[in-house]
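Beneath this line is the structure, given in C-alpha cells, with notes to follow.
Values in this text are rule-based calculations from the coordinates and carry no lab data. The model shown is predicted, which means the values in this text are computed figures rather than measured ones. When we count neighbours, we look across all protein chains shown, and the Cβ atoms used for this are built from the backbone with ideal geometry, even at glycine.
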Amino acid sequence: MSCPQRLLGLCASLHDRESKVLQVKINAFLQEESGAKCVLIAPIFADIGEVLVQVISDRALPQEMRFPLSTHVLGLASVSSPVSLADLPAASLSELSQLLGFEPETYLSVCIRHPESQVASLVVCLVDFPDTSLPDTLIGIAESCCLTLLGIIINTMSYEREKRLKNQCQSLLTVAKNLFTHLGDMDVLLREIMMEAQKLTNAERCSLFLLDHAHNELVAKVFDGIPTKGENESCEEVRISINQGIAGHVALKGELLNIQDAYSHPLFYKGIDEATGFVTRNILCIPIKNENQVIGVAQLCNKINGLEFTAADEEIATAFSIFCGISIMSSLMYKKVQDEQSRSKLCNELMMYHMEVRAEDILRLAQTAVPALNEQFCSFEFFPRDIPDDETPALVLAMFDDLGLTQRWRIRRDVLAKAVLLAKKGYRDLPYHNWTHAFSVTHFAFLLLKNLKPMELGYLTELEGLALLFSCICHDLDHRGTTNSFQVKADTVLAELYSSAGSVMEMHHLTQTIRILNTDGCNIFQNLIEEEYKQMLCLIKEIILGTDLAKHLSIVEEYNQLVTTGFDKDNDYHRKLLLTLFMTCCDLSDQTKAWPLSKKTAVLVYEEFFTQGDQEKEKGSKPIEMMDREKACIPKLQLQFLDDIVLPTYKVLGSLMGEARVLIDILQRNYACWQKASEIFTSRWPEGGVSICILEDEALEKEVMASFERVSQ
C-alpha cells in the first residue's frame, strides 16, 4: 500500500475525541514511515507561549508536560527550521533524555505551521531513526502527515480545552456552593478554601494567608496545610512580612507566580523545609483580590503526579481565587452584619428595658375614667405645658375619645395606654425636646382637628386624622437635643445610619415610632385592614419626616401654590400637603401662645441651642449665632424666626381654613412684643450675648407688656 493510501487510512481511523488516543495513532504511523524508534508530536499554544507533551510513541504520560517556547528542549528555541541532535545544548539534551527515558542517538524536530496563518502549530520529534535516512525525507514525511492531519489535531485539542473549561466551571460552581455554606465561620471557610484549592490543582499542600494592612503582614492560621494545634483548638497565627518570600512578593505585585524549581528561586525560604522535613519541589502562588485590592495569597506546593503546575492549573487557580475573594469578603461582611445585629438587639433590649412600663401602670391608665375636656382645654389660648406630666397620658386618651378615633378604629384602651406610656418614656430629659413638648404638639393637633373640623369638612380623612394625632405623640422620640447638621458633622451613629436619607433625627424618630408599634401590646392599628395599615405607615412616615424644617422650606412654594389654586378635597397630594402643614403648625404651636408663655418656651429652646454650641466649641468648631450664648441676641433671632418660618406657615393655614386666622393675630402681637424686647436688649446690651436669665427677668417682661399695651391703645 502506498504512503498516500496509508495516510488516508489513518485519517479514516481518527474518529476519537481524545487527543492522547489520536496522538498514539499518529505516532505509530510516523514511526512506521520514518523507521524511528520513538516519536512524539507536541501541539504549540502560541497565545500562552507553551508547548504541550502528552504522549511519547504509544505511551501516554500520567501527567501532561508543558514547556515554554523559549527553551531548547525539543528544539523549541528556534521553530523556524528543523533541529538535530547536534543543535541541542548539553543541558537541553539531558532534559530531553529525562523526558524520553533514554539517551537519544539520532534526533530531528520539525515545526509544522498553519498553512493559512503561518503560525507555529505543532512540533514533530523523530528519535533514533536509521542513520541512512535523509533529513529531507524525514522532514517530508513529518510535514505531509501533520499538515494533512493538522485540522483534526487542532479541533480535537480545542474540543478538549472546551470540555476542560466546562468541567472547571462545574467544579467551581460546586466549590462556590461549598464555600458559601461556611460564611459564618472564617476559620472553617479558610480550611475549606485550602482543601478545594488542593483538589482543583492536585497539589500536595496549600497555605492561605490574609493580608493585614495595618501591620503590612501576611497572616495564616493554617500553614502548609497543617494547623499548629488540634482541630477543635484555636490555631496560632503564622505571620510573615509582606516584603519577604514568595507569598509577600505575590501580595505586593498582585500577580500569579508559577515556580517550577522552588530551591533555585531567590525568594524561596528553605528554613521551613529544614524544620519540618518537607521538601518543596514547585510552587503555584496566586493573589486573592477584592476587586483590584489584594486581600490574601494562596500558596500551593508540589504538583502530585506531575513535574510542575501547568497553565491549566494557573487558569483554574485564577478563577478559583475570584470565588475565594468573594467568599472571604462576604464572610467578613457577614460577621460585621452579625455583630451589628447583635449590638442592635442588645441596644434595643437595653432601650426597651429602660422604656418598659409596668403592667399596673398600664392597667391603672386604661381603667382611669376619661377626664372631661372643658371649653378652656379645647381653646387655642390654652397652655398645655402647665399640666403636670403625670396627668398628661390620661388627657391623650381623652383626646382620642373626644375626636371619636378610639371608637371609629376600635382601638383597645389597654393597647393605647401602653403605647402612650411607652412613648412618654421614649423622650429624654431635655430642656425643650421632651415629653412636655410632645404633649403640647399633640394637644395642638387635637385643637386643629376639633376646631377647624377638617375631617368633617372632607379636608382630611379619618385615617389621616388618626395618623396626625399619633405622629404628634411620637414625632420627636429619643431626641438628642442637637440638630441634624450637628449629628452629621460629629459623625455620630445616627448620622452613619440615616445621613443618606437627609433627615437624620427625623428618621430616628420614625424608627423609634415603628419600634413602639412593633412592641407587644402597643400596636393601636391592629384592627385596621391590610390596605389601611400600609397607608397608615406611609402617612406616619410623611408626617414625621415633614417635621424637618429643611423639608418644610423646600415645599413652601407648593403651599403658596395651594393657596393660589385652591384646595381640592379629592386630590390626594393636596391632602398630603395639608397634613404636613398641620404637623408643622403643631410643631411651632408654642409661638401661638401669649407672649409671656411663648417667651418661657423660647428660654427652653435656647438652653438646648446653647448647649449644642458649647459642645461645638469643645470640638474646635465655631457655632452659628443662634447656638452661641456669647453672641446670640434672642429677641432678634425670634423676630427672624417669626418672619422666615412661623408667620408664613400660619398665613397659609389661615388662607386655607379661615377659622385659623385668630392664630395670626396672636403671632403678630407676639411679634410686636419681641420687637420691644429687641429694642431694650439692643440699648442695654449692644454687644449681644445676653444671658438667658435676663430674658426670664420679670421686670423686663412687665416693661415689654406695658409698652405693648400703650402701642395697642
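What the table shows:
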| quantity | calculated |
| --- | --- |
| Length gained when the stretch Asn202-Asn155 is fully extended (0.36 nm per residue, less Cα-Cα span) | 14.2 nm |
| Burial ranking of peptide ranges 523-532, 401-410 (average Cβ count within 10 Å, highest at the top) | 401-410, 523-532 |
| Angle in degrees between helix 186-201 and the longest Cα principal axis of the chain, rounded to the nearest 10 | 30 degrees |
| Test item: Cα-centred dipole of the range 356-587, Lys/Arg +1 and Asp/Glu -1 on Cβ, debye | 240 debye |
| Set of the range 517-546 residues, backbone N closer than 11 Å to the point 7 Å along the Cα-Cβ line of Asp572 | 535 |
| Rg to Rh quotient for the chain, alpha carbon positions, Kirkwood Rh | 1.27 |
| 0 to 90° range, to nearest 10: angle between helix 647-656 axis and the chain longest Cα axis | 80 degrees |
| By average C-beta atoms within 10 angstrom, highest first, the peptides 628-636, 358-366, 533-541 | 628-636, 533-541, 358-366 |
| Packing-based order for 264-270, 514-520, 390-396, using average beta carbon neighbours within 10 Å, highest first | 390-396, 514-520, 264-270 |
| Whether the range 34-119 is rounded, prolate or oblate, judged on the alpha carbon gyration tensor where a/c under 1.5 counts as rounded | rounded |
| Over the chain: helical MRE at 222 nm, DSSP H runs n ≥ 4 each giving -39500 (n - 2.57), nearest 500 | -17500 deg cm²/dmol |
| Overall form of the range 3-164 per C-alpha gyration tensor (a/c, 1.5; a/b vs b/c) | rounded |
| For Val123, residues with placed amide H under 5 Å, excluding near neighbours | Ala42, Ile44, Ile112 |
| ³J(HN,Hα), Karplus 6.51/-1.76/1.60, whole Hz, each residue of the range 50-66, x for Gly, Pro | 9, 10, 10, 10, 10, 9, 10, 6, 9, 9, 7, 5, x, 9, 4, 10, 10 |
| Interchain or long-range residues, amide H under 5 Å from Gly521's placed H | none |
| Calculated FRET value between Ser97 and Asp47, using beta carbons and R₀ = 30 Å, to 0.05 | 0.50 |
| Nearest-20 debye value, the range 3-164 charge dipole, Cβ charges on Lys, Arg, Asp, Glu | 460 debye |
| 3J(HN,Hα) from dihedral phi, the range 490-506, Karplus parametrisation 6.51/-1.76/1.60, rounded to Hz, x for glycine, proline | 7, 6, 6, 4, 4, 5, 4, 6, 10, 4, 5, 7, x, 10, 4, 5, 5 |
| Nearby aspartates and glutamates by direct alpha-carbon distance to Lys541 (threshold 18 angstrom, same-chain neighbours under 8 apart not counted) | Glu462, Glu464, Asp476, Asp478, Glu506, Glu530, Glu531, Glu532, Asp572, Asp587 |
| Between helix 556-565 and the chain: long-axis angle, C-alpha atoms, 0 to 90°, nearest 10 | 60 degrees |
| Calculated from backbone phi, Karplus (6.51, -1.76, 1.60) coupling profile of the range 514-531 in Hz, x at Gly/Pro | 5, 5, 5, 4, 7, 6, 3, x, 10, 7, 6, 9, 5, 8, 6, 6, 4, 5 |
| Residue-span extension gain [Asn290 to Ala706] - 0.36 nm each, minus C-alpha spacing | 142.4 nm |
| Length-normalised contact order of the range 3-164 in % [C-alpha pairs under 8 Å, at least 6 apart] | 24 percent |
| Over the range 591-713, equivalent-ellipsoid semi-axes from the Cα gyration tensor in Å | 27, 19, 11 |
| Cβ-based exposure ranking for Thr483, Thr513, Thr649, in which fewest neighbours within 10 Å come first | Thr483, Thr649, Thr513 |
